[in-house]
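Notes follow once the structure below has been shown.
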Amino acid sequence: MTVRVHELQKNYADPRGLTRTIIAIPTFTINADERIALSGPSGIGKSTLLHLLAGTLLPDAGSVTHDWEGQRVDFSALSEAGRDRYRGRFIGCVFQGHHLLPSLSARDNVLLGLSVTGRRVDHAWAEHLLQELGLRDHTRHLPQQLSAGQRLRVACARALAARPALLLIDEPTAALDRAMAAQVIDVILALAHDIRAGVLVITHDPEMAARIGTTLSFTAINRASPC
């Protein structure tokens, strides 16, 4: 799997109605089993880039292509339903807010990440993910019965449930103390390595970035003017 960005651009209208470019990335690549920590101050477009890579946002110019199993997929050329299907099968996402369904237990939230892909629901793999992420005693808990850090770990397990080719995580350790943050990120990276997923993590924490692997400054790859 290789994800390639080419002349990617995303614009927004400012309060005066003027167009402002927040993303202008000439080239960027993520390969299978590669770990990248993306650093930079808040509000400059890092989360927007993750949404563009996941296909939940479309660029105003340029392309995001995924080379996977001999096929090249250009997200901008797919319908919304097509992007949803592809994302469900090949991309694991942990965005801020986690977006767990409040009526489902931790276990069922993870299983939901499998059921929407059309693949066989692998209960053993889901249980393994929850156990590895320290949630063995919380599998039947609803999201409101979990701490913020536990909800984050459920979201990470759900993102890994379909054995994605690409894992995108936005600030995975913000709700955790330093010791737990180090443990969780190490487990996530080990699980991603087992399935040979490329990993892109947004983090403000230099120590976490060092644990992840290659650290890239967002301002170094993005030509858009800072906010």
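The values are calculated or read from the model by the stated rules, or taken from the named source; none is laboratory data. Values in this document were obtained by computation on a predicted structure and should not be read as measured data. Glycine also receives a Cβ, built like all others from the backbone with ideal geometry; neighbour counts cover every protein chain displayed.
A compact table of results
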| read-out | value |
| --- | --- |
| Every residue from the stretch 5-26 that is crowded, with 18+ Cβ neighbours inside 10 Å and either of a type in the set (V, I, T) or more than 13 Å from R223 (Cβ to Cβ) (or both) | V5, I22, I23, I25 |
| Qualifying residue in the stretch 12-32 (condition: at negative phi, of a type in the set (D, E, K, R) and touching a Leu at 6+ places or on another chain (Cβ under 9 Å)) | no |
| Residues being within 25 Å of F90 (Cβ to Cβ) and more than 16 Å from the chain's Cα centre (by Cα) - total across the stretch 191-207 | 1 |
| Among the residues listed as L189, L129, L135, the single one being closer than 19 Å to R35 by Cβ, buried (at least 21 other Cβ atoms within 10 Å of the Cβ) and at pLDDT 90 or above | L129 |
| Matching residues in the stretch 120-164 - criterion: being touching a helix residue (DSSP H, G or I) at 6+ places or on another chain (Cβ under 7 Å) and of a type in the set (D, E, K, R) | D122, E132, R136, R140, R151, R153, R158 |
| Single condition E171 does not satisfy, out of (1) on the phi < 0 side of the Ramachandran plot; (2) within 19 Å of the chain's Cα centre (by Cα) | (1) |
| Options S225, S217; residue that is small (G, A, S) and modelled with pLDDT of 90 or more | S217 |
| Residues within the stretch 47-98 that are farther than 30 Å from A148 by Cα and either touching a Cys at 6+ places or on another chain (Cβ under 8 Å) or among the charged types (D, E, K, R) (or both), tallied | 6 |
| Filtered residues of the stretch 163-186 (kept if at pLDDT 90 or above and either within 25 Å of P102 (Cβ to Cβ) or in a loop (DSSP other than H, G, I, E, B) (or both)) | R163, P164, A165, L167, L168, I169, D170 |
| Boolean, R140 is surrounded by fewer than 16 Cβ atoms within 10 Å (Cβ to Cβ), over 20 Å from D108 (Cβ atoms) and modelled with pLDDT of 90 or more | no |
| Lone qualifier among A220, A126, A192, A155 - being part of a helix (DSSP H, G or I), aliphatic (A, V, I, L, M) and free of Cβ contacts under 8 Å to residues at least 12 places away in the same chain | A220 |
| Candidate set from the stretch 208-220 (those that are surrounded by fewer than 18 Cβ atoms within 10 Å (Cβ to Cβ) and either under 21 Å from H66 (Cα atoms) or among the hydrophobic types (A, V, I, L, M, F, W, C) (or both)); member that is farthest from the chain's Cα centre (by Cα) | A220 |
| Criterion violated by L100 - all others in (1) surrounded by 20 or more Cβ atoms within 10 Å (Cβ to Cβ); (2) over 24 Å from T173 (Cβ atoms) satisfied | (2) |
| Filter result (within 23 Å of I195 (Cα to Cα) and not in a strand (DSSP E or B)) within the stretch 12-39 | A32, D33, E34 |
